[in-house]
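Step one of this worksheet: look at the structure below.
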Amino acid sequence: MSEPLLVITGLAKSFGGVRAIDGVDLTVEPGEVHAVIGPNGAGKTTLISQLSGLLAPDDGTIRFAGRDITRLAAHRRAPAGLARSFQITSLLTGMTVLDNVALAVQARQGHSFRFWRPAAGDRGLRDPALAALEQVGIAGRADIIVGALSHGERRQLEIAMALASRPRLLLLDEPMAGMGPEESARMIDILKGLKGTAAMLLVEHDMDAVFALADRISVLVYGKVIASGLPADIRANDAVRRAYLGEE
Amino acid sequence: MSPAPATSTFSRLRAAGPGNLGGVVVLALLLVLPLAAWWTGQKFYLDFATRITILAIVATSLNFILGYGGLISFGHAAFVGIGAYCVGIPAYYDLASGFVHIPLAIAASALFALVTGAISLRTRGVYFIMITMAFAQMAYYLFLSLDEYGGNDGLTIYSRSVLPPFNLEQRPQLFLLAYVSLVVVLALKHRFVNSRFGMVLRGARANETRMIAIGFNTYAYRLAAYVIAGAIAGYGGALLGNFTNFITPDMMSWTRSGDLMFMVILGGAGSLFGPVMGAVAILLLEEYLARLTVYWQLPFGLLLIATVLYQRGGLNGLIERLGGRK
């Protein structure tokens, strides 16, 4: 059997004595949606930050597409096929929706030490950018400044920017954060539509979204994976219920 | 959905808005008025316009990193000083060729930018401001200590760069060289900020974390921009040295860097012609306020405060607003 797309082994990260991530093992198969759930402070965002290279792990290894990327610089990860979205919307403010996505397209087209040709009319940037916006349903908003977008649209743009990198694995950090029920439902549809385009590591609080999308679920509590399995197994797992779902 | 023309940030900038029209008018007046004055025997105005033009070149280079890159460099005057000494020191050894002076000025200031930028750009925010200022002050004290080249007393340049076809001893020709340089620098900046490189520079200003996440080594792009800006400022310095015929380490002092920042902010950071307007406005004000009162710096300070509080886009933004663009 070939190696999974993403293999995390013994990952650890402490912040001044607090073990935010404490020996996490996790895999994502090609094309799979693997959801990571867990209460606040379980270490989910820390996990995503280490995968995207913004935080250096204290210990453990991250292998992606057969290659050790534990120490790979953050800016080399998206070109390598590992793109992320942010829990707290992180866009290029003051620029247009299209510019935001076009820059993500530009990033995967080699270096940008190109000083002469205007970027604006460049179809090599514009067409793929519009296609990514189309995939998340906001192509009609391409020419407006991101500041004028609604919260839900900004969340969609988050996804479009990650998609424009043509990733093999999408790291989605709470894509439903701050959304109302209708917006969440739309986002679930968008993400469903992306299944098969890329594998996803989905960190999410919204259980409807998790059970609608995930092929596999891991439960993270105090930096440790306490359970991992198919959605039905996780739903039935007593330890998970006590620690997290905590009801019924 | 119609295949709408590209109206991203950049093409919008490219379309001639009132700010750009205003800029073209200012640029035209900057050419016509001094030459007319020269013709009618008012030689002072030509010199005045030459100084404005050279400082507009330098302010434009600062705007490239400050306005578009969001890099608040407080040491830009160092490049100007280095460029000027690259004329002064060879001239001191009777090496008069402008074809030596100018490449030397560009190379030396670019190298200074490369070394100091490589270190400074590892910092952010207020630390970046302080460290760029610190490096400039180091250059200032270095030249202050070089007694051979006049130290604190400055260095007189007895003959200007020999730069055929220009004869820089002829004031109108020096002015024309500066003016053509300004136009070329503006055109270059316009291309650069609208190119892929410029997009990355602006993106990194808007949100550096995101730019890294989508795959840009923002540090490398910023460093390249910093070196380009330094090189252009150094070129401006070589012109300034030729213009003043007398250079001192004072050209590099942090107050000069502050003046340049003021030009960019008053004129409109991140706009094509803003720094030109800023240079014109500040030098005019300085000239005429200083005639009226010895306390001319007070209204200056108030003007800066008013700009930052009420007119963020500076003069360029004001024209845009009056022209109904915003």
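Every number in this text was worked out from the coordinates using simple rules, so none of it is lab data. Predicted, not measured: the structure shown is a model, and the values here were computed from it. Methodologically, a virtual Cβ is constructed for each residue, glycine included, from the backbone with ideal geometry; neighbour enumeration extends over all protein chains shown.
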Hey, got the dipole for the protein assembly as shown? About the Cα centre, +1 on K and R Cβ, -1 on D and E Cβ, debye to the nearest 20? 920
Post the alpha-carbon centroid distance, the stretch B:92-145 to the stretch A:189-227, in whole angstrom. 52
Considering the zone a paramagnetic label at B:Met138 would reach in this model (a point 7 Å from Cα along the Cα-to-Cβ line), which residues of the stretch B:79-100 have amide N under 14 Å from it? B:79
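Assigning unit charges at the beta carbon (Lys, Arg +1; Asp, Glu -1) and nothing else, what dipole magnitude in debye, to the nearest 20, does chain B show about its Cα centre? Write down the numbers at each step before the final one.
Working: 21 positive and 12 negative charges, 303 e Å.
About 1460 debye.
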Exposed chymotrypsin sites (Phe, Trp or Tyr not before Pro) absent: longest stretch of chain B, with sites in DSSP loops and at most 16 other Cβ within 10 Å deemed exposed: B:159-294
Max mean-square fluctuation residue, GNM over chain A, Cα-Cα springs under 10 Å, options A:Asp208, A:Asp122, A:Asp22: A:Asp122
Can you list the lysines whose alpha carbon sits under 26 Å from that of A:Lys44, skipping same-chain ones fewer than 8 residues off? A:Lys13, A:Lys192, A:Lys195, A:Lys224
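So what's the net charge close to A:Glu174: Lys and Arg +1, Asp and Glu -1, counting the other residues with Cβ under 9 Å from its Cβ? Please list the in-between numbers first.
Working: positive: A:Lys44; negative: A:Asp173, A:Glu204, A:Asp206.
Overall, the nearby charge balance is -2.
Given C-alpha coordinates of the stretch A:91-165, what is the ratio Rg to Rh with the Kirkwood estimate of Rh?
Numbers: Rg = 11.6 Å, Rh = 12.2 Å.
My calculation puts Rg/Rh at 0.96.
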Report, in degrees rounded to the nearest 10, the 0 to 90 angle that the Cα long axis of helix A:97-108 makes with the longest principal axis of chain A. 80
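Just flag the trypsin sites (Lys or Arg not before Pro) in the stretch A:147-197 sitting in loop per DSSP whose Cβ has no more than 10 other Cβ atoms within 10 Å. Walk me through the numbers on the way to the answer.
Values: sites: A:Arg154, A:Arg155, A:Arg168, A:Arg186, A:Lys192, A:Lys195; in loops: A:Arg168.
Nothing satisfies the criteria.
Restricting to bridges with both residues inside the protein assembly as shown, how much of the DSSP beta-bridge set is antiparallel, in percent to the nearest 5?
On the way: 26 of 45 bridges.
Bridges in the protein assembly as shown are about 60 percent antiparallel.
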Shape descriptors of the protein assembly as shown over alpha-carbon atoms, Rg and Dmax in angstrom, are 28.2, 96
Counting DSSP beta bridges in chain A, what percent are antiparallel, to the nearest 5? 55
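Do the sum for chain A: with -39,500 (n - 2.57) for every DSSP H run of n ≥ 4, divided by all residues, what is the mean residue ellipticity at 222 nm, to the nearest 500 deg cm²/dmol? Kindly include the intermediate steps, with their values, before the conclusion.
Numbers: 8 runs with 78 residues, N = 248.
Roughly -9000 deg cm²/dmol at 222 nm, from the helical runs in chain A.
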Within the under-15-Å Cβ sphere about A:Asp215, not counting A:Asp215, Lys/Arg +1 and Asp/Glu -1 give a net charge of 0
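Quick one: putting +1 on the C-beta of Lys and Arg, -1 on the C-beta of Asp and Glu, what dipole do you get for the stretch B:24-180 around its Cα centre, in Debye to the nearest 20?
Dipole size: approximately 480 debye.
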Normalised per residue, the volume inside the convex hull of the alpha-carbon atoms of chain A in Å³ amounts to 136
The rounded separation in angstrom of the Cα centers of the stretch A:54-86 and the stretch B:214-236 is 27
Taking the Cα centre of each part, how many Å lie between the stretch B:286-312 and the stretch B:183-197? 31
Neighbouring partner chain Cβ atoms per residue of A:72-80, average, 10 Å criterion: 4
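Please go through the stretch A:44-126 and write out the chymotrypsin sites (Phe, Trp or Tyr not before Pro) that DSSP classes as loop and that have at most 13 other C-beta atoms within 10 Å.
Listed in order of number, the matching sites are A:Phe113, A:Trp116.
Please report the orientation-averaged projected area of the stretch B:29-322, defined via the convex hull of its C-alpha atoms, in nm². Show your work: numbers first, answer last.
Numbers: hull surface 63.4 nm².
Computed as one quarter of the Cα hull surface, the answer is 15.9 nm².
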